1. With the condition being surrounded by 22 or more Cβ atoms within 10 Å (Cβ to Cβ) and aliphatic (A, V, I, L, M), I'd like the strands (runs of 3 or more DSSP E) fully within the stretch 295-337 carrying at least 2 qualifying residues.
2. Quick one: Gly70 ticks every box in (1) modelled with pLDDT under 90; (2) part of a strand (DSSP E or B) bar one, so which box is it?
3. Have a look at Trp433, Trp441 and point out the one that is within 19 Å of Ala392 (Cα to Cα), open to solvent by 40 Å² or more (accessible area, probe 1.4 Å) and in a strand (DSSP E or B).
4. I'd like to know if the stretch 400-418 contains one or more residues that are open to solvent by 20 Å² or more (accessible area, probe 1.4 Å), at pLDDT below 95, under 30 Å from Ala316 (Cβ atoms) and not in a loop (DSSP other than H, G, I, E, B).
5. Given Leu173, Leu166, which one is within 28 Å of Ala424 (Cβ to Cβ), open to solvent by 30 Å² or more (accessible area, probe 1.4 Å) and not charged (D, E, K, R)?
6. Just need a number here: residues in the stretch 41-67 that are open to solvent by less than 60 Å² (accessible area, probe 1.4 Å), assigned to a strand (DSSP E or B) and β-branched (Val, Ile, Thr).
7. Taking the conditions exactly as written (within 24 Å of Gly144 (Cα to Cα) and part of a strand (DSSP E or B)), does Val380 satisfy them or not?
8. Among the residues of the stretch 470-493, are any of a type in the set (Phe, Trp, Tyr), open to solvent by less than 70 Å² (accessible area, probe 1.4 Å), under 22 Å from Val380 (Cα atoms) and modelled with pLDDT of 90 or more?
Amino acid sequence: EAAGVVADAPNAVANAVANAGRRADGDDLPCSTFHWHAQSVGCLQFTRDGAYLLSGGKEAVLVLWQLESGKKSYLPRLGAEITRLCCFPEDPARVAAAHADNAIRVVSLASLTVESVARGVRPAPLTRSTPAFFKETARAIVAGNVARTQPTPCATLDPRSKLVALAASGASLQLFDHARDAHVADLAVAPRNLVSGDGGPDEPMEPYVSHAAFSADGSILVTVDRRSERPLPAVVADADEKTAERAPEETLRIWTRDEARPRDGAEEARNAESNASGDNADERLGFTCVCVCDAPHAGAVTSVSVRGSASDSSRAMACTTSADGGAKMWVPAATARGGERAGWRCRSGVAHAGLPPPPLTAGAFSHDGSLYATASEDVVVWEPDACEKRHAFLAPPRFGDGDAKRTNLVSSLAFVAGEPLLAAASPASLVVWNLATLTAWRTVAAPCLRVAAHPRLPAFAAAVAAGGDACAVLRFAGRDARSLRPAGRRRRSSSPRTEPTPYCS
């Protein structure tokens with residue numbers, strides 16, 4: 001039989017070559033055309049019995065095509081683009097759908113319902129439409145154009161639940177347990193259904209949460225969700241000022257954590273058991289929106305800071321800075337005024353010297369909440385309760401080619417816990433000021449992108465541009481803000497460490 005197959009092979013090849021140019025008609029190649037998807041189809045899958053064809057794509061809709069009759073059934077609003085479908089080998093009535101938001105949804109084809117969802121860390125918004133968004137933002141900061149960039153999607157830590165809050169698609173926050181590598185919950189900041197576009201230049205920008213900040217005890221959460229119709233601004237120094245100053249659609253929301261309800265004995269036992277296994281998330285994640293303010297600033301919001309606690313309205317305060325040059329202080333209030341709604345109001349505002357005032361790029365509270373710092377090309381320290389200016393620090397100058405001075409906008413601020421130190425990141429350097437002596441305590445000559453301080457220990461870290469698109473993280477600690485060596489590395493010399501110098505590079 002094998003010899004016969006080999007003998008017939010030349011004839012089969014000859015027939016294939018002869019028929020290659022012949023056009024197939026309907027009798028030779030039966031074909032049925034199904035049409036529904038307006039956007040690109042990401043996947044196709046036949047069911048095990050061959051009765052249905054499943055399809056999915058950018059619309060986030062699972063379509064079931066009955067092959068014999070051509071009728072269609074739909075499962076809409078699945079949350080994200082469908083990228084792959086897989087049928088269960090032992091259960092033809094179920095299918096697993098993989099989505100662009102790093103989730104897998106198990107769907108029952110009999111009832112057209114989602115039975116279960118397995119989620120991972122969601123991709124950051126804007127990365128699908130602009131894959132190089134974060135690299136472009138880093139380049140803009142180094143070039144001194146931080147005031148003209150789109151704010152990056154937020155990433156912060158909930159101090160009470162110890163969960164990471166990440167901006168996700170649909171203007172929501174994903175609360176993720178990094179210790180267990182598990183999705184815990186979603187906070188719908190501004191619920192919106194997925195709208196699939198054609199990917200052209202006129203497609204509206206994806207809404208996302210650009211800023212999220214918790215109070216030290218986790219009882220207050222302040223978010224800013226934004227949606228802009230304009231494209232990403234240019235990152236060159238001579239960008240169009242009118243394009244840069246066009247205000248996006250932004251909404252400031254203030255949330256308070258829900259109080260834990262009393263439990264009976266059996267429920268307490270179940271709660272203790274779930275706490276031991278790490279599965280208890282209901283108490284930690286309930287939030288109620290107590291204030292909504294549309295367009296809180298004329299320009300884009302550049303930073304959000306929170307102090308105090310929801311239980312003490314006299315100390316609770318949120319501060320926002322904006323590219324329009326103003327900083328606003330928001331406090332709890334029993335009544336609403338102007339464009340604000342219940343709960344909180346804008347009590348006062350401050351700005352740096354200048355006409356018009358320079359854009360503010362960063363803001364931060366001290367750990368005890370007695371001071372508030374704002375940044376532009378200089379850094380001003382305020383007493384927030386009285387709105388009084390305490391001191392202004394001028395960042396080291398930055399020079400370009402020859403003697404031409406280049407913009408040196410501070411991109412990030414952080415107070416060091418337990419010490420009178422204030423760290424600022426700028427394209428020229430990382431500067432640590434001593435608030436007790438009002439002098440520059442330490443300077444690191446490197447293009448710095450961001451700085452973040454430990455909430456309790458006198459330590460902070462800075463992200464530094466290390467050439468090209470690479471970045472390095474430098475760690476500092478102690479009263480002298482000394483640099484820390486990477487873990488696992490030892491000093492070459494065993495001699496005792498000498499006192500640090502005020503400046504280092």
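1. 301-309, 312-322
2. (2)
3. Just one listed residue meets the conditions, Trp441.
4. Within the stretch 400-418, none of the residues are open to solvent by 20 Å² or more (accessible area, probe 1.4 Å), at pLDDT below 95, under 30 Å from Ala316 (Cβ atoms) and not in a loop (DSSP other than H, G, I, E, B).
5. Exactly one residue qualifies, and that residue is Leu166.
6. Residues that pass the stated criteria total 1.
7. yes
8. Within the stretch 470-493, none of the residues are of a type in the set (Phe, Trp, Tyr), open to solvent by less than 70 Å² (accessible area, probe 1.4 Å), under 22 Å from Val380 (Cα atoms) and modelled with pLDDT of 90 or more.
The values are calculated or read from the model by the stated rules, or taken from the named source; none is laboratory data. Only a predicted model underlies this, so the values are computations on that prediction, with no experimental measurement involved. Neighbour counts run over all protein chains shown; Cβ positions are idealised from the backbone, glycine included. In case anyone asks, the SASA skips ligands and DNA or RNA and just uses the protein heavy atoms, side chains included. Shrake-Rupley method; radii C 1.70, N 1.55, O 1.52, S 1.80 Å.
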